[in-house]
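K.L.:
One structure, pasted below without further comment.
The values are calculated or read from the model by the stated rules, or taken from the named source; none is laboratory data. Bear in mind that the values here come from a model prediction, so they are computed numbers and not experimental data. Heads up, the Cβs are rebuilt from the backbone with ideal geometry, glycines too, and the neighbour counts pull from every protein chain shown.
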Amino acid sequence: MRAIRNVSRRGFLKSTAAAGFIIGLQLPNKIVQGQQAVEDDKFAPNLFVRIDDQGTVTIIAPRPDMGQAVRTALPQILADELEADWDRIEVEQALADVKYGPQGVGASDSVRDSFMMLRQAGAAARQMLVQAAANEWGVDAGDCEARMHKVYHPASGRSADYGELAMAASTLPVPDADSLTLKDAADFRYIGQDMEIVDLRDIVRGKAQYGIDTVVPGMKYASVVRCPVFGGKVKSFDDSAALDVAGVERVFEIEGGGGAPSYNSLGGVAVVANSTWAAKKGADALSIEWDMGPNAVYNSDAYKTLLQERVRQPGKLIREQGDVEQGMASAAKTVEAEYYVPHLVHATMEPMAAVAHVEGDKVQLWMPTQDPQGTKSFINQALGFADENITINCTLMGGGFGRKSKADFGVEAVRISREIGAPVKVTWSRENEIQHGYYHAVCAQRLRAGLDHDGRAIAWHHCTAFPSIGSTFQEGATYGLEFEINQGVVDVPFDIPNIRCENAEAEAHVRIGWFRSVCNINHAFAFNSFVSEMAEAAGADPGAYLLQLMGEPRYFDPSNEKTKFWNYGKETADYPFDTGRLSHVIRVAMDKAGWGRDLPKGHGLGVAAHRSFLTYVAAVVEVAVDDNGDLSIPAVHYAVDCGLVVNPDRIRAQVEGGAVYGVSLALNGEITMREGAVEQSNFHDYEVCRIDNAPEVHVHIIESDEKPTGIGEPPVPPFAPALINAIHAATGKRIRTLPIRDQLRA
């Protein structure tokens, strides 16, 4: 790669006026995480590639990068169809603009939803270059071919570099999508290959620019003190001690919002200074009296008890087939268990940070955002700036996991810049991040199953209760949204004749936010753990029993008059739920892990599997538990079917990262509330996976020519239940509540 650089709107317009040509395609725009809808029959122009007269190919990365390497994978796709030389490519990060189509990174859909669009963009450019060469040589374009940054005419031996053809190509009409000829998969040059990420060299040399690295001329620095309880407000404050801190320039209250919708900043007291350290010291010196608001009644222990009571009662019916009660009554044996997962926080290595500069009615914002278009919209709604006057510069993200899809920290920076009339960087401390974030929903679940005399399941009953992310967007939402209950409840594909799924009410007392794999974490933990308990009751091997429950390979769709199957926003005709693919990854993971082999004392294997974000994943975890109850994880084997693979190295990296994330959540992840305030504050009491806890991860990628699907989130859900099942195999102990912590010593 020659260079990686961000591009400004002005710079983009200037550069496109120079020698070269730009490919503009009309491609469909879609909904970004349910926040910004565009009619399905509307199209936005998207500009993804340009070539100058030196042959330099500039590819616009439409989506921001939070470590998943879409700034590499998406250009890979386009460059392949373009037949470009990777060493002559530059990658520019797009500004927030609807013309690029959806720009949010979440729902593991960046490659999935951009794949064909970028192939078409590359193919259009390639065909125009070929036609330009054919016109110049007076030959038929069908007798020419593009290969590695040149167009060739084999019959005459002539060739021309892309740079030589750029100006001529710019005069040609852009071909319609229907007239494009895409490459055969056998001819892919980059798709399917391990490729070094384009930012790697800058990252390892400390030159990569993350949001927290942003510096602009004349910039001030700010820290914000926020109410310990969500929805609380400032009653009064004394700023005298803060103003005595060297470097502190101003202290003032900033407006915020305590409820839905989610775009608003929390509010509080801002301290502006000439350095981050001075702003932090000034914030520490503030004396504030708070009105804690209605959520001061929130206590984790009491709320856990409330949710557990609710899942023991009939809930809102969300799926029904057959007659569960009749099935239970006729069962030779019944199994019942309750599971609980606490609130979790993202704990990104780079905490929230944003730089804002308000000049009159215009806003310039630099931030590590997963949702640039949504951020633009939220600033418009919260502060009234016109959409065309808001510029969002997307930086690299030091982790996101869903937290950086929220715009509150950007809105906060804009508020402060507007107040002081200067650019300002607002940096959150680790304590801010843990105590004032958006949290993964706490969840209580109850499962029952009826088994016949042969141990086969004939009835399945699952009730779940969790505060919905819907509460972040609409006041009073107490039931799960359609997509939430289709993440490990409605969409469990077991071949059981009698099934009932229910959802109990749960009020939210904190901000509930997108979290890596969302409700799949809670629900996959429960149903996969419960399968192991059913297998024990049936006297069966847990892996074999899981496969038996899957039944014969089929396309699964539970939709009926009482149930709507949400398929991650995709038509089942395009992305069917193929239980054969799920069974296959289970078999592969078990085989690679040596399922059934003799193990040392205290060792055990556990298996779990789940389809999420249209991807099929199975995990087999090996644990070792010593006589003191100390746990280690020698190995994890993942089998992953995510359709056609663009960059296998990034698949492996995402799965390895998913395992480490799973360790963090399963072993120690827990956010607890006392009188409405988060009790944890930093990594000493909200522990993430350390190197001595990290397992050796083996990733087995299933070769496939199916459409590419997601990979960022699917590795996380199977990890905790596979771990729990392995612990039972090693010790005989059943764990039904996360995190594990000291339960092995109980």
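K.L.:
In a loop (DSSP other than H, G, I, E, B), in the same structural domain as G606 (by TED's automatic domain parsing), at pLDDT below 95 and over 21 Å from A624 (Cβ atoms): is that true of G710 in this structure? Walk me through it before giving the result.
P.N.:
Numbers: in a loop (DSSP other than H, G, I, E, B): yes; in the same structural domain as G606 (by TED's automatic domain parsing): yes; at pLDDT below 95: yes; over 21 Å from A624 (Cβ atoms): yes.
Spelling it out, G710 is indeed in a loop (DSSP other than H, G, I, E, B), in the same structural domain as G606 (by TED's automatic domain parsing), at pLDDT below 95 and over 21 Å from A624 (Cβ atoms).
K.L.:
Further question on the same structure: In the list D244, D238, D140, which residue meets the criterion of being in contact with a Ser or Thr (Cβ under 6 Å, 6 or more places away or on another chain), surrounded by fewer than 15 Cβ atoms within 10 Å (Cβ to Cβ) and either modelled with pLDDT of 95 or more or closer than 30 Å to G421 by Cβ (or both)? Steps first, answer last, please.
P.N.:
Numbers: D244 fails: in contact with a Ser or Thr (Cβ under 6 Å, 6 or more places away or on another chain); D140 fails: in contact with a Ser or Thr (Cβ under 6 Å, 6 or more places away or on another chain).
Result of the check over D244, D238, D140: D238.
K.L.:
Turning to a different aspect of this structure: Is there any pair with a first residue in region 557-568 that is within 14 Å of Q487 (Cβ to Cβ) and a second that is exposed (fewer than 15 other Cβ atoms within 10 Å of the Cβ) whose Cβ atoms are under 6 Å apart and which are 6 or more apart or on different chains, and what are they?
P.N.:
Final answer for the pair search is F565/D557; F565/S559; W566/E482.
K.L.:
I'd like to check which strands (runs of 3 or more DSSP E) are fully inside region 436-548 and have at least 3 residues that are farther than 17 Å from P558 by Cα and in contact (Cβ under 8 Å) with a residue 40 or more places away in the chain. Step through it out loud before you land on a result.
P.N.:
Numbers: elements: 443-451, 457-465, 498-504.
Answer list for region 436-548: 443-451, 457-465.
K.L.:
Just for region 172-181: of the residues that are assigned to a loop (DSSP other than H, G, I, E, B) and in contact (Cβ under 8 Å) with a residue 60 or more places away in the chain, which one is nearest to the chain's Cα centre (by Cα)? Can you show your working first?
P.N.:
Taking region 172-181 as the starting set, the residues that turn out to be assigned to a loop (DSSP other than H, G, I, E, B) are 172-176, 180-181.
Then keep just the ones that are in contact (Cβ under 8 Å) with a residue 60 or more places away in the chain; that gives 174, 180.
Working: V174: 34, L180: 32 Å.
Here the residue is L180.
K.L.:
Now a separate question. Looking at region 110-148, which of the residues that are touching a residue at least 40 places away in the same chain (Cβ under 8 Å) and part of a strand (DSSP E or B) is nearest to N647 (Cα to Cα)? First the steps, then the outcome.
P.N.:
Residues of region 110-148 that are touching a residue at least 40 places away in the same chain (Cβ under 8 Å), as a first pass: 110-115, 117-129, 131-132, 146-148.
Right, trim to part of a strand (DSSP E or B) and you get 146-147.
Working: A146: 23, R147: 21 Å.
Per the stated criteria, the residue is R147.
K.L.:
Is it the case that V585 is over 18 Å from Y555 (Cα atoms), in contact (Cβ under 8 Å) with a residue 12 or more places away in the chain and out of contact with any Cys (no Cβ under 7 Å at 6 or more places or on another chain)?
P.N.:
Numbers: over 18 Å from Y555 (Cα atoms): no; in contact (Cβ under 8 Å) with a residue 12 or more places away in the chain: yes; out of contact with any Cys (no Cβ under 7 Å at 6 or more places or on another chain): yes.
Judged against the criteria, V585 is not a match.
K.L.:
Right, something else. Go through (1) modelled with pLDDT of 95 or more; (2) in a loop (DSSP other than H, G, I, E, B); (3) under 27 Å from I89 (Cα atoms) for P217 and report which single condition fails.
P.N.:
All conditions pass for P217, except number (3).
K.L.:
In this structure, does R650 turn out to be of a type in the set (K, R) and surrounded by fewer than 19 Cβ atoms within 10 Å (Cβ to Cβ)? Write out each step before concluding.
P.N.:
Values: of a type in the set (K, R): yes; surrounded by fewer than 19 Cβ atoms within 10 Å (Cβ to Cβ): no.
For R650, the condition - of a type in the set (K, R) and surrounded by fewer than 19 Cβ atoms within 10 Å (Cβ to Cβ) - is not met.
K.L.:
What residue, of R418, R446, R456, is within 18 Å of A279 (Cβ to Cβ), modelled with pLDDT of 95 or more and basic (K, R)? Lay out the reasoning, then the answer.
P.N.:
Details: R446 fails: within 18 Å of A279 (Cβ to Cβ); R456 fails: within 18 Å of A279 (Cβ to Cβ).
The match here is R418.
K.L.:
Go through region 453-489 and give me each residue that's closer than 24 Å to A329 by Cβ and either surrounded by fewer than 22 Cβ atoms within 10 Å (Cβ to Cβ) or in contact with a Pro (Cβ under 6 Å, 6 or more places away or on another chain) (or both). Step through it out loud before you land on a result.
P.N.:
Here is the first cut: in region 453-489, the ones closer than 24 Å to A329 by Cβ are 453-464, 489.
Scanning region 453-489 gives H453, D454, G455, R456, I458, H461.
K.L.:
Now for a separate question. Can A422 be described as in contact (Cβ under 8 Å) with a residue 40 or more places away in the chain, buried (at least 24 other Cβ atoms within 10 Å of the Cβ) and either hydrophobic (A, V, I, L, M, F, W, C) or on the phi > 0 side of the Ramachandran plot (or both)? So that I can check it myself, show each step before the final result.
P.N.:
Numbers: in contact (Cβ under 8 Å) with a residue 40 or more places away in the chain: yes; buried (at least 24 other Cβ atoms within 10 Å of the Cβ): no; either hydrophobic (A, V, I, L, M, F, W, C) or on the phi > 0 side of the Ramachandran plot (or both): yes.
In short, no.
K.L.:
Outside the structural domain of E706 (by TED's automatic domain parsing) and in contact (Cβ under 8 Å) with a residue 60 or more places away in the chain - does that describe any residue in region 149-161? Don't jump to the end; show me each part of the working.
P.N.:
Here is the first cut: in region 149-161, the residues outside the structural domain of E706 (by TED's automatic domain parsing) are 149-161.
Still in the running and in contact (Cβ under 8 Å) with a residue 60 or more places away in the chain: 149, 161.
Yes, that holds for at least one residue.
K.L.:
What number of residues within region 668-721 satisfy the criterion of being among the β-branched types (V, I, T) and farther than 25 Å from A635 by Cβ?
P.N.:
Of all residues in region 668-721, those among the β-branched types (V, I, T) come to 671-672, 678, 688, 691, 697, 699, 701-702, 709, 711, 716.
After this cut, where a residue has to be farther than 25 Å from A635 by Cβ as well, the list is 671-672, 678, 709.
Count: 4.
K.L.:
Shifting gears a bit: Is it the case that region 396-406 has a residue that's surrounded by fewer than 24 Cβ atoms within 10 Å (Cβ to Cβ) and in a strand (DSSP E or B)?
P.N.:
The answer is yes, given that some residue of region 396-406 is surrounded by fewer than 24 Cβ atoms within 10 Å (Cβ to Cβ) and in a strand (DSSP E or B).
K.L.:
Among the residues of region 575-598, is there at least one that is buried (at least 21 other Cβ atoms within 10 Å of the Cβ) and at positive phi?
P.N.:
no
K.L.:
Go through S471, S517 for me and flag whichever is closer than 19 Å to P342 by Cα and at pLDDT below 95. Steps first, answer last, please.
P.N.:
Working: S517 fails: at pLDDT below 95.
On inspection, the qualifying residue turns out to be S471.
For every residue, the table says whether it meets (1) assigned to a strand (DSSP E or B); (2) at pLDDT below 95; (3) in contact with a Gly (Cβ under 6 Å, 6 or more places away or on another chain); (4) of a type in the set (K, R).
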{"site": "L306", "(1), (2), (3), (4)": "no, no, no, no"}
{"site": "L317", "(1), (2), (3), (4)": "yes, no, no, no"}
{"site": "G327", "(1), (2), (3), (4)": "no, no, yes, no"}
{"site": "Y339", "(1), (2), (3), (4)": "yes, no, no, no"}
{"site": "E350", "(1), (2), (3), (4)": "no, no, yes, no"}
{"site": "H357", "(1), (2), (3), (4)": "yes, no, no, no"}
{"site": "L365", "(1), (2), (3), (4)": "yes, no, yes, no"}
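K.L.:
Can I ask one more? Go through region 184-215 and give me each residue that's within 16 Å of M367 (Cβ to Cβ) and in contact with a strand residue (DSSP E or B) (Cβ under 6 Å, 6 or more places away or on another chain). Explain how you work it out, then say what you get.
P.N.:
Keep residues of region 184-215 that are within 16 Å of M367 (Cβ to Cβ), which gives 208-215.
Within region 184-215, A208, Y210, G211, I212, T214 qualify.
K.L.:
Which count do you get for residues in region 725-746 that are part of a helix (DSSP H, G or I) and under 17 Å from A444 (Cα atoms)? Break it down stepwise before answering.
P.N.:
Our first condition is that a residue be part of a helix (DSSP H, G or I); within region 725-746, this holds for 725-731, 743-745.
Then keep just the ones that are under 17 Å from A444 (Cα atoms); that gives none.
Qualifying residue count for the region: 0.
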